[in-house]
1. At 7 Å along the Cα-to-beta-carbon direction for both TYR130 and GLU146, put a label point, then send me their distance in nm to one decimal.
2. What are the residues whose amide H is under 5 Å from the amide H of ILE93, where those residues sit 5 or more places off or on another chain and H is modelled from the backbone?
3. So which of LYS13/LYS78; LYS78/LYS126; LYS97/LYS141; LYS13/LYS173; LYS110/LYS158 end up more than 24 Å apart by C-alpha?
4. Given R₀ = 45 Å, FRET efficiency for PHE36-ASN116 by Cβ-Cβ distance, to 0.05?
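Rule-based calculations on the coordinates, nothing more; no lab input. Source: prediction; values computed, not measured. So basically every Cβ, Gly included, is an ideal-geometry build from the backbone, and we count neighbours across all protein chains shown.
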Amino acid sequence: MADKENNVKKDIKIILLGETGVGKTNLINVFFGLKFEDQIDSTLASYCNEGKFNYNNESYNYAIWDTAGQEKFRAISKLFIRDAQIILIVYSIINRKTFEQVNFWLNLVKENLENNTYILGLVANKIDLYEHQIVMDEEGKKIAKENNIDFLVTSALKSPETFRKFVNKLLVKYIEKEGQKIGNNDSIKINGDIKNKTNKKQCCK
């Protein structure tokens, strides 16, 4: 009986929020081993890619949701926030407007999530374009510190591994916050078959 309980699959919903053009779609694509796209259309709805990892005979399913950043789609974003466990707010270091909207997205999360079990992260993307950097790393660190959330500077193009590790770190934090007993954080591994789980799904779940 104990073995069956240990193998129960648990679902974790991860969503990426932020203005259009900050690179959310490419971050998700490279996370799942897909190709970085130089030119990519703006997300016009919400899509998810799915994966899973195992820990101590327990299997976790997770879905990473890509949401539209345009203002006209923000009512849809609110719906997806409500049952999310991990929320990543993304901005571009070469576009100050996307950084100035971080507080909007933070407030949107707080207004639409009543529970306190969710995990927040702040992601500064496009560091590969550092020669055009307008938003300094210290500015992102300041907001993260003020809100007591994790912060990452990354590039979907040049350093996708840093984003993968960041997501794993937040998964561990969420599991710990839920009261799971885990040992070495490095024990959590994304399965090698994750590339078979990259079909995008449009859903209103």
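1. It is 2.6 nm.
2. ASN125
3. LYS78/LYS126; LYS110/LYS158
4. 0.80
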